1. Within the stretch 93-133, take every residue that is touching a residue at least 60 places away in the same chain (Cβ under 8 Å), touching a Pro at 6+ places or on another chain (Cβ under 9 Å) and not hydrophobic (A, V, I, L, M, F, W, C) and give me the one that is nearest to Glu219 (Cα to Cα).
2. I need every pair where a residue in the stretch 30-41 that is outside the structural domain of Leu83 (by TED's automatic domain parsing) has its Cβ under 9 Å from the Cβ of a residue that is assigned to a helix (DSSP H, G or I), sequence separation at least 6 or different chains.
3. Restrict the check to the stretch 155-163 and report whether at least one residue is crowded, with 22+ Cβ neighbours inside 10 Å, in contact with an Asp or Glu (Cβ under 9 Å, 6 or more places away or on another chain) and either assigned by TED's automatic domain parsing to the domain that holds Ala17 or not in a strand (DSSP E or B) (or both).
4. Can you tell which of Ile21, Ile64 is surrounded by 22 or more Cβ atoms within 10 Å (Cβ to Cβ), touching a residue at least 40 places away in the same chain (Cβ under 8 Å) and either within 25 Å of Arg130 (Cβ to Cβ) or not aromatic (Phe, Trp, Tyr) (or both)?
5. Being over 33 Å from the mean Cα position of the chain (by Cα) and part of a helix (DSSP H, G or I) is the filter here; which residues of the stretch 229-239 pass it?
Amino acid sequence: MMLKHKKIGFLGCGNMAQAIIQALIESGAAQASQIWVTNRSEGKLLKARQELGVQTLANNEELIDQCDTIFLAVKPQDLTEALEPIASSFHEGHLVLSLAAGFPMESLEALLPNVPMLVRVMPNTPASIRRAVVGYSLSTGAQVAENSVRELLAPLGYVVRCEEGEEFQALTVSCGSGTGFVLELMQYWQEWLEEHGFSAESARKMTVETFLGAALMAERQPQVPLQDMQDKVVSKKGVTAAGLQSMRELEIERALRYSFEKAALRDTELASRT
């Protein structure tokens with residue numbers, strides 16, 4: 001494995017950084033002894049040290065000196081402020097992966113002119129159970145490190161290379177934000193079941209199993225189009241057909257597409273502020 005000799009740093013140790021660290025360690029892709037973290041909050045550093053067994057450092061300059069692979073895991077609105085004082089500490093040997101949504105490659109390159117190997121990464125929260133969809137895009141100089149990038153990200157779930165721009169934004173919205181959209185739908189399911197007499201616990205379990213069952217069927221039959229799978233559970237003039245007809249009359253697809261476009265617009269707004 002290429003990672004066994006790497007020293008991996010996390011500048012920021014929030015929920016996503018912790019999920020990635022946990023996935024790297026649990027998968028065996030990296031050892032806790034290979035990982036260093038910094039964070040503004042001492043509490044999160046203590047938690048990372050106690051629960052994950054990683055090394056913690058007092059400041060970001062030490063992290064840059066210690067590590068050859070660095071995840072930028074601070075909030076997008078804080079990234080410029082965090083990097084400007086330490087940008088000169090980075091060098092051409094660093095592989096830098098940014099988790100900042102809405103922070104384009106062009107802005108990263110301007111902030112870190114000494115670093116040719118830059119990667120934008122967009123995971124989603126199922127990284128905590130190693131079932132994320134993880135998109136990445138590479139700077140020109142990072143092409144040579146693509147195998148290392150994929151090895152770093154593979155423990156998180158399904159890894160997809162994206163082109164900077166429209167593709168990366170589409171993945172951000174549909175997968176990065178998409179988990180939130182699906183959970184919104186699941187809440188509607190649960191609430192409807194509760195309104196019809198089921199306990200909250202039972203309604204939640206029924207909802208989870210319905211979504212999980214459909215997803216697992218699709219996963220286990222990758223060659224079967226989703227439309228064909230749907231056709232198998234729809235009888236003409238049956239219960240499912242009546243519900244689907246209503247969904248289509250109410251233009252549920254149009255509403256979802258509109259929601260995606262609104263999220264994409266917000267992503268564009270964030271990028272314009274970097």
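The values are calculated or read from the model by the stated rules, or taken from the named source; none is laboratory data. This is a predicted model, so every value here is computed, not measured. Neighbour counts are summed over all protein chains in view; Cβ atoms, including those assigned to glycine, are modelled from backbone coordinates with ideal geometry.
1. Step by step, filter the stretch 93-133, then rank; the result is Arg130.
2. none
3. Taking the stretch 155-163 and keeping what is crowded, with 22+ Cβ neighbours inside 10 Å, we get 155-156.
Filter once more, keeping what is in contact with an Asp or Glu (Cβ under 9 Å, 6 or more places away or on another chain): 155.
Next, only the ones that are either assigned by TED's automatic domain parsing to the domain that holds Ala17 or not in a strand (DSSP E or B) (or both) stay: 155.
Yes, there is a match, as at least one residue in the stretch 155-163 is crowded, with 22+ Cβ neighbours inside 10 Å, in contact with an Asp or Glu (Cβ under 9 Å, 6 or more places away or on another chain) and either assigned by TED's automatic domain parsing to the domain that holds Ala17 or not in a strand (DSSP E or B) (or both).
4. Details: Ile21 fails: touching a residue at least 40 places away in the same chain (Cβ under 8 Å).
One residue alone meets the criteria, Ile64.
5. First, pick out the residues of the stretch 229-239 that are over 33 Å from the mean Cα position of the chain (by Cα): 234-239.
Listed by number, the list holds a single entry, Val239.
Per-residue answers, yes or no, for (1) assigned to a loop (DSSP other than H, G, I, E, B); (2) more than 27 Å from Val173 (Cβ to Cβ); (3) of a type in the set (A, V, I, L, M, F, W, C); (4) in the same structural domain as Leu108 (by TED's automatic domain parsing):
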residue	(1), (2), (3), (4)
Phe198	yes, yes, yes, no
Glu219	no, no, no, no
Gln227	no, no, no, no
Gln245	no, yes, no, no
Tyr258	no, no, no, no
